[in-house]
Amino acid sequence: MSERVGFIGLGNMGGPMSANLARKGFALTVFDTRPAQAAKLAALGAKPATGVAEVVDASDIVVTMLPDTPDVEGVVLGPDGTLGRGRKGMLHMDMSTIAPAASRRMAEKLNAKGMRWVDAGVGRSPGHAERGESLFMVGATDADLARVTPLLDAMGDKIIHAGPPGSGIALKIVNNYLAMCLCQVNAEAFAMAAKLGIPAKTLFDVVTSSLASNDHLKLYWPTKALKGDVEPGFALDLAFKDISIGVAAAADVGAPAHVGKAARDAMERARKQHGLGRKDVTALLMAAAAEAGIAPPRL
């Protein structure tokens, strides 16, 4: 634990992840554009920073957990960021869900200045992050993976080495592509069942006992839309961003994304026509129900 760690982005996932680092004794400097988020970490022994430059100056490993590609590029490539202020041998580990091509570009720029890059996509939910049970999909050299493993072990319980830098976020994009498509299919299935006179609980019992089951439905949906709670655990706006990255990545490499395009378009309608962008991704059920002309099904 001798290396100093900086953590930028203390939201639904970054907050509990960084809290686990603080609880486990890492020398930690943190920053978020919302000072109250950093204050929570200060109570656990972390040092709040006033900006990105202070984090970079105080750290050997900088971790980012931010909403989108431009946010990460601002921290890495901005004048006060890792590229401009970092030192030879410094390592930047990005845990955000961003475009794989952008991740590779940032890796190349840092490597050219003697710095290291690791992309570590995060799986599972904020609840898992709070319990230190996150899953990590890591793109890194063997040496860099060994260097960040103590941090990952402090924040999660499963590490999958996807390959060289850029591979981790690519794997995360594919995983999220599938998960977001499943969310849209789940929403449509429950709306269809309701229109056909099938109670939500009956459908839930059948699906979760059959080959149609998926853990998003089995484990997450009963805690959110299927009980009437659509306050964001994972916001629909972020889900739309993720599946849009997935569709674009498929186009870049010439892979089909027919279902993903349809799910993306449905999510866009849910955001724009139904105003659900800031609600949980499971609020897709509300959009599907509205389009079917029924009340949202509940268990």
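Each reported figure results from applying straightforward, stated rules to the coordinates on display, with no laboratory input. Since this is a predicted model, take the numbers as computed values, not measurements. Cβ sites come from the backbone with ideal geometry, for glycine too, and all protein chains shown count toward neighbours.
Compute the separation of the alpha-carbon centres of the stretch 207-280 and the stretch 3-62 and state it in Å as a whole number.
Here the two parts' Cα centres lie 30 Å apart.
How large is the helix-only mean residue ellipticity at 222 nm for the chain, computed as the sum of -39500 (n - 2.57) over DSSP H runs with n ≥ 4, divided by its residue count, in deg cm²/dmol to the nearest 500? Provide the component values of the computation, followed by the final result.
Numbers: 13 runs with 148 residues, N = 299.
The helix contribution divided over the chain gives -15000 deg cm²/dmol.
Using every pair of alpha-carbon atoms in the stretch 248-299, split the distances into 5 Å bins beginning at 0 and state the percent of pairs per bin, rounded to integers.
Histogramming the stretch 248-299 at 5 Å steps yields 5, 19, 23, 19, 14, 11, 6, 3, 0 percent.
Please give the charge dipole size of the chain, origin at the Cα centre, charges +1 on K and R Cβ atoms and -1 on D and E Cβ atoms. Round to the nearest 20 debye.
Numbers: 33 positive and 30 negative charges, 49 e Å.
With only Lys, Arg, Asp and Glu charged at Cβ, the dipole is about 240 debye.
For Phe7, which sequence-distant residues (separation of 5 or more, or a different chain) have an amide H within less than 5 Å of its own amide H, given hydrogens modelled in the peptide plane?
Answer set, sorted by chain and number: Thr29, Val30, Phe31, Val63.
Going toward the positive end of the dipole of the chain, with +1 on Lys and Arg Cβ and -1 on Asp and Glu Cβ, which of Ala27, Leu91, Gly78 do you reach last?
Farthest towards the positive pole: Ala27.
Taking only the alpha-carbon atoms of the chain, what semi-axes of the equivalent ellipsoid follow from 5 times the gyration tensor eigenvalues under a square root, in whole Å, largest first? Walk me through the intermediate numbers first.
On the way: eigenvalues 263, 81, 56 Å².
Three semi-axes, in Å: 36, 20, 17.
Mind pulling the angle between the C-alpha long axis of helix 236-253 and the longest principal axis of the chain? Nearest 10 degrees, somewhere in 0 to 90.
On a 0 to 90 degree scale, this one is about 80.
So which lysines can Lys172 reach, going by Cα to Cα under 25 Å and dropping same-chain residues fewer than 8 places off?
Candidates past the 8-residue exclusion: Lys109, Lys158, Lys218, Lys224, Lys241, Lys261, Lys279.
More than 25 angstrom separation, counting every C-alpha pair in the stretch 98-215; what % is that? If you can, show how the numbers build up before the last one.
Working: 2841 of 6903 pairs.
Result for the distance tail: 41 percent.
Using θ = phi - 60° and the Karplus curve 6.51 cos²θ - 1.76 cosθ + 1.60, what whole-Hz ³J(HN,Hα) does each residue of the stretch 292-298 get, with Gly and Pro shown as x?
Ordered by residue, 3J(HN,Hα) equals 8, x, 10, 6, x, x, 9 Hz.
Report, largest value first, the span of the C-alpha coordinates of the stretch 162-272 along each principal axis, in whole Å.
Principal-axis extents of the Cα atoms in the stretch 162-272, largest first: 47, 31, 27 Å.
Using Cα atoms only, what is the angle between the long axis of helix 258-272 and the major principal axis of the chain, expressed in degrees (0 to 90) to the nearest 10?
The angle comes out at about 90 degrees.
In Å and from the alpha-carbon atoms only, list the Rg and Dmax of the stretch 5-164.
14.0, 38
Mind pulling the angle between the C-alpha long axis of helix 167-195 and the longest principal axis of the chain? Nearest 10 degrees, somewhere in 0 to 90.
Here the helix axis deviates by roughly 20 degrees.
Taking the simple approach of a point 7 Å from Cα along Cα-to-Cβ for both Leu44 and Lys272, what is their distance in nm?
Distance between the two pseudo-spin positions: 3.9 nm.
Taking K and R as +1 and D and E as -1, what net charge do the other residues with C-beta under 14 Å from the C-beta of Ala194 add up to? Present the calculation step by step, with values, prior to reporting the outcome.
Values: positive: Lys195, Lys201, Arg298; negative: Glu188, Glu291.
Charge balance near Ala194 sits at +1.
Report the residue, chosen from Ala283, Ala270, Ala189, that carries the largest GNM mean-square fluctuation when the chain is represented by alpha-carbon nodes joined by springs under 10 Å.
It is Ala189.
If the chain between Thr149 and Thr33 were fully stretched, how many nm would it gain, using 0.36 nm times the residue separation less the Cα-Cα distance? Don't jump to the answer; show the numbers that get you there.
On the way: separation 116, 0.36 × 116 = 41.76 nm, distance 2.73 nm.
That pair, Thr149 and Thr33, stretches by 39.0 nm at full extension.
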